Amino acid sequence: MVTNQGIFAFIIPSPKQTDLRRDGRYALHSFPCPDNEDAFYLTGTARLTTEAGVRARLGEQFAAERAHLQVPVPPNIDLLFEFDISRCLLTKTTGHGDPHPRHEVWREG
């Protein structure tokens, strides 16, 4: 979830949740588009967010954004992480096989 306060995700009990609790490093990338090779990529560190008010507010937002699917507020076993960004990459193309993709890179600091 992208909010004015940051990037957050509820992570279900899983190897990913274990990895984030242990180390915190992450990489997120976009799913390939059917009609081009545009891409977006983030890396950084995720940290567990335990503040009850933040969790409640974001849990309600999560459910509200998915109300048409009748998704409930995430249970407490789904841990809330905030993702700090240390690097971004945006690639724009004119379509598959573009010989000159345009890359924009942002680095923290």
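Coordinate-derived values only; no laboratory data. Computed from a prediction, not measured in an experiment: that's the story for all the values here. Quick reminder, even Gly has a Cβ in these numbers, built from the backbone with ideal geometry, and neighbours come from all protein chains shown.
A few notes on this one:
- Taking packing as the residue-averaged number of other Cβ atoms within 10 angstrom, the listed peptides 58-66, 98-106 run from highest to lowest as 58-66, 98-106.
- Label corresponding to percent of Cα pairs over 23 Å apart when calculated from the structure given, among (i) 30; (ii) 16; (iii) 42: (iii)
- Angle of helix 52-65 to the longest C-alpha principal axis of the chain, folded into 0 to 90 degrees and rounded to 10: 60°.
- The residues neighbouring E108, those whose beta-carbon lies less than 14 Å from its own, together hold a net charge of +2 under the Lys/Arg +1, Asp/Glu -1 convention.
- Shown in residue order for the stretch 98-109 are the 3J(HN,Hα) couplings computed by the Karplus curve 6.51 cos²θ - 1.76 cosθ + 1.60 at θ = phi - 60°: 4, x, 9, x, 9, 10, 10, 10, 10, 10, 4, x Hz (x for Gly and Pro).
- Environment charge at N36 (Cβ cut-off 10 Å; Lys +1, Arg +1, Asp -1, Glu -1): -3
- Sorting the segments 71-78, 30-37 by their residues' average number of neighbouring beta-carbon atoms within 10 angstrom, most packed first, yields 71-78, 30-37.
- Ascending count of other beta-carbon atoms within 10 Å, so fewest first, for L20, L69, L42, L90: L69, L90, L42, L20
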